[in-house]
Amino acid sequence: MSKVFRTGRVIEFSDTDAAGIVHFARYMAFMETAEHQFLHSLGTDVMFEHGGNRIGLPRVSASCDYKRPLFYKDKIEIQVRVLRIGTKSVKYGFRFTRGEEETAAGSIVCACCLINPDEPMRSIELPDFFKELIGPYLHDDAAP
């Protein structure tokens, strides 16, 4: 069975808009923070040294479907799954819940790139060690 990384968050006042609900753009920041926490839990990051090179995972796609509004002081859980491990990219799925209620679901696709100083950025294959770290979180279904 595939693993799921879980993290919690309390909605802050600065996350909300004039209507008192979480602003749609904040979900992108929530997903990125959850991704960072996920990778840190595995002992890696979105930027790392490998084989004498600096490697980064810039985003090439992000989406979020909103199902229920969230409000100031709501306690939520964000689940992170790996939806696809490609040759040069990884797709993460995110599920937002308040208690048992799903409030949103999103995804981020990151490309693996060399980001060495004084060199143009270019895509490369995901290192084997990275694929091995995230592999246990790979889910067969396409739904986040």
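The values are calculated or read from the model by the stated rules, or taken from the named source; none is laboratory data. As the structure is a prediction and not an experimental result, all values here were calculated from the model. Note: ideal-geometry Cβ built from the backbone for every residue, glycine included; neighbour counts use all protein chains shown. For the accessible areas, the whole protein counts, side chains as well, though only heavy atoms, and no ligand, DNA or RNA atoms are used. Shrake-Rupley method; radii C 1.70, N 1.55, O 1.52, S 1.80 Å.
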> Take the residues of region 115-144 that are in contact with a Lys or Arg (Cβ under 8 Å, 6 or more places away or on another chain), modelled with pLDDT under 95 and closer than 23 Å to Ser41 by Cα: which is most open to solvent (accessible area, probe 1.4 Å)?
Replying inline: Pro144
> So, of the residues in region 1-44 that are among the polar types (S, T, N, Q) and under 14 Å from the mean Cα position of the chain (by Cα), which turns out to be farthest from Ala105 (Cα to Cα)?
Replying inline: Thr44
>> I'd like the full set of residues that are touching a residue at least 60 places away in the same chain (Cβ under 8 Å) and of a type in the set (A, V, I, L, M), limited to region 64-81.
In response: Ile76, Ile78, Val80
> Looking at region 47-90, which of its residues are at pLDDT below 95 and of a type in the set (Val, Ile, Thr)?
Replying inline: none
>> Pairs needed: first member in region 1-14, more than 13 Å from Val80 (Cα to Cα); second member anywhere, modelled with pLDDT of 95 or more and open to solvent by less than 80 Å² (accessible area, probe 1.4 Å); C-beta distance under 7 Å; at least 6 residues apart or different chains.
In response: Arg9/Phe30; Arg9/Ile76; Arg9/Ile78; Ile11/Val22; Ile11/Leu70; Ile11/Asp74; Ile11/Ile76
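Residues Phe96, Phe130: which one is farther than 19 Å from Thr7 by Cα and aromatic (Phe, Trp, Tyr)?
Phe130
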>> Taking the condition of being touching an Asp or Glu at 6+ places or on another chain (Cβ under 7 Å) and either farther than 21 Å from Arg6 by Cβ or of a type outside the set (A, V, I, L, M) (or both), how many residues in region 37-68 meet it?
In response: 2
> For region 115-144, what are the residues that are touching a residue at least 60 places away in the same chain (Cβ under 8 Å) and assigned to a strand (DSSP E or B)?
Replying inline: Leu138
